[in-house]
């Protein structure tokens, strides 16, 4: 499978701990997105990168959240001092920016449970 | 503000019956509209987009700017259509998507 890869698939952590997720996009894709999805809701935009530059961050992304894409390839999303409200599915997507709105390719997600 | 509303959380129809999944949006500019689908144990994937004006797996969707709607339709449902369907919107030329809450479609045999 050469699609978007996310690791880990599941993460259970205690409140107050830090967690980090990784996303490997499709290799030639220059845009990378992070979304969060809670039960019964559609995905909500968190942030996106074009190459290594973080171009937009949602107001949903509190100071405890930080995302990086240091070499314009894989990306990490870190959540510090996790809270129970952070429990969600974290989705990564990538795309190749061309002249039109090319579709997003999603990964399988990382399911975070904060106890 | 951009908003996508899918009024039905659950929709159940019999195989062979017509299907319509409703999507209404709120956006002040010219949006691009998409339908994404998630089959059981699979990742979220694009089903169709309004600018392509194509039929995918028998599904079509027409953008109605007057009614601000982008309903997804299929004349004859098949069991393999059972899935979670999300309507999504983006600003023209942008790729950041705003999703609706989703509709779980179940096709009964």
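The values are calculated or read from the model by the stated rules, or taken from the named source; none is laboratory data. Just so it is clear, the structure is predicted and the values come from calculations on it, not from any experiment. Don't worry about glycine lacking a Cβ; one is built from the backbone with ideal geometry, like all the others, and counts go over all protein chains shown.
Key figures
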read-out	value
Search result, residues across segment B:81-102 that are part of a strand (DSSP E or B) and touching a residue at least 60 places away in the same chain (Cβ under 8 Å)	B:85, B:86, B:87, B:88, B:89, B:91, B:98, B:99
Whichever residue in segment A:36-52 is in a strand (DSSP E or B), without any contact (Cβ under 8 Å) to a residue 60 or more places away in the chain and more than 7 Å from chain B (Cβ to nearest Cβ) and, among such residues, is nearest to residue B:103 (Cα to Cα)	A:44
Test for residue A:79: is it in contact with a helix residue (DSSP H, G or I) (Cβ under 6 Å, 6 or more places away or on another chain), buried (at least 16 other Cβ atoms within 10 Å of the Cβ) and touching a residue at least 40 places away in the same chain (Cβ under 8 Å)	yes
Residue match in segment A:3-16 (condition: in contact with a helix residue (DSSP H, G or I) (Cβ under 7 Å, 6 or more places away or on another chain), modelled with pLDDT of 95 or more and not in a strand (DSSP E or B))	yes
Flag for residue A:85 being more than 14 Å from chain B (Cβ to nearest Cβ), at pLDDT below 90 and either in contact with a strand residue (DSSP E or B) (Cβ under 9 Å, 6 or more places away or on another chain) or not in a strand (DSSP E or B) (or both)	no
Residue within segment B:61-70 that is closer than 20 Å to residue A:40 by Cα and at pLDDT 95 or above present	no
Tally, over segment B:53-62, of residues that are within 14 Å of chain A (Cβ to nearest Cβ) and either within 16 Å of residue B:23 (Cα to Cα) or surrounded by fewer than 12 Cβ atoms within 10 Å (Cβ to Cβ) (or both)	2
Unmet requirement for residue B:44, which otherwise passes all of (1) over 16 Å from residue B:20 (Cβ atoms); (2) exposed (fewer than 13 other Cβ atoms within 10 Å of the Cβ); (3) in contact with a strand residue (DSSP E or B) (Cβ under 9 Å, 6 or more places away or on another chain)	(2)
Complete set of residues in segment A:90-115 that are crowded, with 19+ Cβ neighbours inside 10 Å and outside any loop (DSSP other than H, G, I, E, B)	A:90, A:91, A:92, A:93, A:94, A:95, A:105, A:106, A:110, A:112, A:114
Residue tally, condition in contact (Cβ under 8 Å) with a residue 60 or more places away in the chain and either surrounded by fewer than 19 Cβ atoms within 10 Å (Cβ to Cβ) or closer than 19 Å to residue A:84 by Cβ (or both), over segment A:25-35	4
Failed condition for residue A:17, given (1) within 15 Å of residue A:83 (Cβ to Cβ); (2) without any contact (Cβ under 8 Å) to a residue 60 or more places away in the chain	(2)
Meets criteria (closer than 23 Å to residue B:1 by Cβ, away from chain B (no Cβ under 11 Å) and at pLDDT below 95) for residue A:55	no
Segment B:84-109 - residue that is surrounded by 12 or more Cβ atoms within 10 Å (Cβ to Cβ) and more than 14 Å from chain A (Cβ to nearest Cβ) and, of those, nearest to the chain's Cα centre (by Cα)	B:105
Some residue of segment B:36-52 being farther than 25 Å from residue A:46 by Cα, more than 10 Å from every other protein chain (Cβ to nearest Cβ) and touching a helix residue (DSSP H, G or I) at 6+ places or on another chain (Cβ under 9 Å)	no
